[in-house]
Amino acid sequence: MILIDETRRTLGLAVWPAVALSGKERSWLEPLDPPAAPVSRPQLCGAAAPDPAELSRFRALETEAKHRAPARPLPCCGRVRATRLRLAAEAGRRFLPVFISGERGDGTLLYLDVAPGASAHVVLLTLASEAPIYIDVTVGENAHLQLDIIKCPGHDSWQLLSWRATVERFASLVHNSVDLDSSAYQVGQVILAGEGAELTSRAAALIQSFEEQRLDVTVTHGAAHSRSLVENHGVVQERGHGFFAVRGRMPQAAVAGDCRQESRFLMLSPQAEAHSYPVLEIDQYDVAAGHAASVGGIEPETLYYLQSRGLGEQDAQRLVTTGFLSPAIHAIGAGSEGGALIADCLFAGLAERI
Amino acid sequence: MKPELIIERLTCQIDGTVILRDLDLTVRGGEVHAIMGPNGTGKSTLAAALMGNPRYTVTAGSVTLDGADLLVRTVDERARAGLFLAMQYPSEVSGVTNADFLRTAINARRPEDQPLGLFPFRRRLKEAVAALEMNENLPDRYLNEGFSGGERKRNEILQMLLLEPRIAILDEIDSGLDIDALRVVGANLTRMVAERGEEMGLLLITHYRRLLDHIRPDFVHVLMDGRIVRSGDMELADRLERDGYDWLREELGLRHLSDSHCEADT
Ligand SMILES: Nc1ncnc2c1ncn2[C@@H]1O[C@H](COP(=O)(O)OP(=O)(O)O)[C@@H](O)[C@H]1O
Ligand SMILES: [Mg+2]
């Protein structure tokens, strides 16, 4: 707990309450400093442990079998401690940091229910977490959720995380993942279940030497007029390894849907490795869909342009690299006042690492 | 000190093809020069060679800025020495906001312990954005990403206003600008020339005369076949506008553009 309070202070989040979860505990953390206005406490309670069939739904789809097995697969078995967090519709938009630390032992499962019409910015910050983390999200009708998943800078460990989300009618989910440190295997599965449901999902991965970051996102357009945009950016250093798989599925129900994805890697060394697997499964004529992917170094013309404005070569490289990862971080900053503070810390962390 | 850019017998090639041969030109503070010429004659090559674009190789000749050799310097050193190039095709840099980029560029040319503060910077930026009649959200947009042709060109001028170069080269700044944008850009350039006086020399590279209605050059040069073949004043630009380049080719005994391409290829 001391560790978490320290982190809350470092991130500038002392005036907000928070939630702490691990395989052993579940707690509501009151603000460390007096908040500007009183904050109500959402419902936070235990939930029944999932049975093996339910847990296996968190497994990534087929890419694991087809393409180079990950250095550490996501274990979808074993003991799990489950928690339910319910966010009701309120006057304003709720900002809630959730700290997850699961050093070893049991996995953590969080059911996150966002009530119809509610609006929230939930930031999951994982600390030293070798144990698997499962998130099951429901975004109710007309609700808006921004769910950011951040590997807290400076906590080196594997992050094994799988999140699933169901987005109901005219609801929207914005998701940003940021990992500037060590290896991670993150699986995301989103079902746009109701008409007009929307998803925007971004990732920023700084993949350091001998680390591996693997992201696997599947979006299923289960209803008409649903829209999705998945935009993953990775910077790969030295002998790092990046892997992005993004699957857009547009069954017959996806009438007038719009499904876009982009996977980009910026390679900072010839030894760096990256793979991207874009997949679109389309079963409906009346849709718009597209994917873009790129793997490459910094464009010499871009460096030249920046240098022609007086930036030294290193500064120019740093600017391009930071910029490459910034869409997800900017989006976290745009999510709320607390998000802006977290984004500042992430940019500072990024500057230390490149 | 009044800046002085002296180009002597400059010869420059790209991928083994010689584009500029023995080019001479001097630009001093307080002067406005225009370089005109048909497409593909080496105008952008000259700009690139001066700025130090790594794709171009200078094989002979010299360029000095205020007496110091420019060609031995890196691109960013040239920029910090006061050279500025508004590019014909500015790059996009995703994720880097215009404001962050500009502040980094301004601070790159200031002593490390005296960076420009956020508030004075924001104020200057706001003024420049207003002067160029640009969209107010411009500072927070990513550098040139999704900009229209005209927006990119204005953005180049915005950078020039804030970076206050000693010698500024504008490569086809008029292309992609509609009449209104051209007027705004012209007015800003004219004002900057007046305000900076002898502190800045300006080299306008243009394909058409219309930019010169908005900012009047003291010297007009024609670049053809890799060198400056004729220098004069506004009258020369008028004649080129009226009669094209053929009369000049004939007078000089130059072959037509298509022929000179073949020559360059062999
Ligand atoms: N990579 C290249 N190899 C050979 N010739 C080139 C290359 N790039 C450009 N050129 C040629 O250089 C010439 C000058 O180009 P440029 O300086 O852009 O002309 P301008 O700006 O006057 O229109 C053109 O004829 C063009 O075809
Ligand atoms: Mg040109």
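How about the stretch A:205-265: which strands (runs of 3 or more DSSP E) wholly inside it have at least 1 residues that are open to solvent by 10 Å² or more (accessible area, probe 1.4 Å) and aliphatic (A, V, I, L, M)?
Details: elements: A:212-221, A:227-236, A:241-250.
Ranges flagged: A:212-221, A:227-236.
Hey, does the stretch B:31-44 have a residue that's closer than 14 Å to B:Val229 by Cα, open to solvent by 40 Å² or more (accessible area, probe 1.4 Å) and either within 8 Å of ligand 1 (Cβ to nearest atom) or not small (Gly, Ala, Ser) (or both)? Walk me through it before giving the result.
In the first step, residues of the stretch B:31-44 are kept if they are closer than 14 Å to B:Val229 by Cα; the result is B:34-38, B:41-43.
Imposing the further condition that a residue be open to solvent by 40 Å² or more (accessible area, probe 1.4 Å) reduces the set to none.
Within the stretch B:31-44, not a single residue is closer than 14 Å to B:Val229 by Cα, open to solvent by 40 Å² or more (accessible area, probe 1.4 Å) and either within 8 Å of ligand 1 (Cβ to nearest atom) or not small (Gly, Ala, Ser) (or both).
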Would you mind stating whether B:Leu85 is in a strand (DSSP E or B), touching a residue at least 60 places away in the same chain (Cβ under 8 Å) and of a type outside the set (Asp, Glu)?
yes
When you check B:Arg21 against the structure, is it farther than 27 Å from B:Glu235 by Cβ and either part of a strand (DSSP E or B) or modelled with pLDDT of 95 or more (or both), yes or no?
no
Are there any pairs with C-beta distances below 7 angstrom linking a residue in the stretch B:35-58 that is within 23 Å of B:Glu241 (Cα to Cα) to a residue that is open to solvent by 20 Å² or more (accessible area, probe 1.4 Å) and at pLDDT below 95, with the two at least 6 apart or on different chains, and if so which?
B:Pro38/B:Tyr245; B:Pro38/B:Leu257; B:Asn39/B:His207; B:Gly40/B:Leu257; B:Thr41/B:Asp225; B:Ser44/B:Gln88
Of the conditions (1) open to solvent by less than 30 Å² (accessible area, probe 1.4 Å); (2) within 14 Å of chain A (Cβ to nearest Cβ); (3) touching a residue at least 60 places away in the same chain (Cβ under 8 Å), B:Arg166 fails just one. Which one is it?
(1)
Would you mention how many residues in the stretch A:144-160 are modelled with pLDDT of 95 or more and of a type outside the set (D, E, K, R)?
6
Looking at (1) in contact with an Asp or Glu (Cβ under 8 Å, 6 or more places away or on another chain); (2) part of a helix (DSSP H, G or I); (3) more than 11 Å from chain A (Cβ to nearest Cβ), can you tell me which one B:Thr104 breaks?
(3)
B:Asp171 fails exactly one of the following numbered conditions: (1) acidic (Asp, Glu); (2) within 11 Å of chain A (Cβ to nearest Cβ); (3) crowded, with 16+ Cβ neighbours inside 10 Å. What is the number of that condition?
(2)
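Considering only residues that are of a type in the set (Lys, Arg), more than 13 Å from ligand 2 (Cβ to nearest atom) and away from every other protein chain (no Cβ under 14 Å), which ones fall in the stretch B:10-56? Lay out the reasoning, then the answer.
Quick first cut of the stretch B:10-56, residues of a type in the set (Lys, Arg) only: B:21, B:28, B:43, B:55.
Cutting the leftovers down to more than 13 Å from ligand 2 (Cβ to nearest atom) gives us B:21, B:28, B:55.
Of everything in the stretch B:10-56, those that are of a type in the set (Lys, Arg), more than 13 Å from ligand 2 (Cβ to nearest atom) and away from every other protein chain (no Cβ under 14 Å) turn out to be B:Arg21, B:Arg28.
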Going through (1) assigned to a helix (DSSP H, G or I); (2) surrounded by 14 or more Cβ atoms within 10 Å (Cβ to Cβ) one by one, B:Ala194 fails only at (2)
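The values are calculated or read from the model by the stated rules, or taken from the named source; none is laboratory data. In this text, all values refer to a predicted model and were calculated from it rather than measured experimentally. When we count neighbours, we look across all protein chains shown, and the Cβ atoms used for this are built from the backbone with ideal geometry, even at glycine. Just the protein is used for accessible areas: all its heavy atoms, side chains included, with ligands, DNA and RNA removed. Shrake-Rupley method; radii C 1.70, N 1.55, O 1.52, S 1.80 Å.
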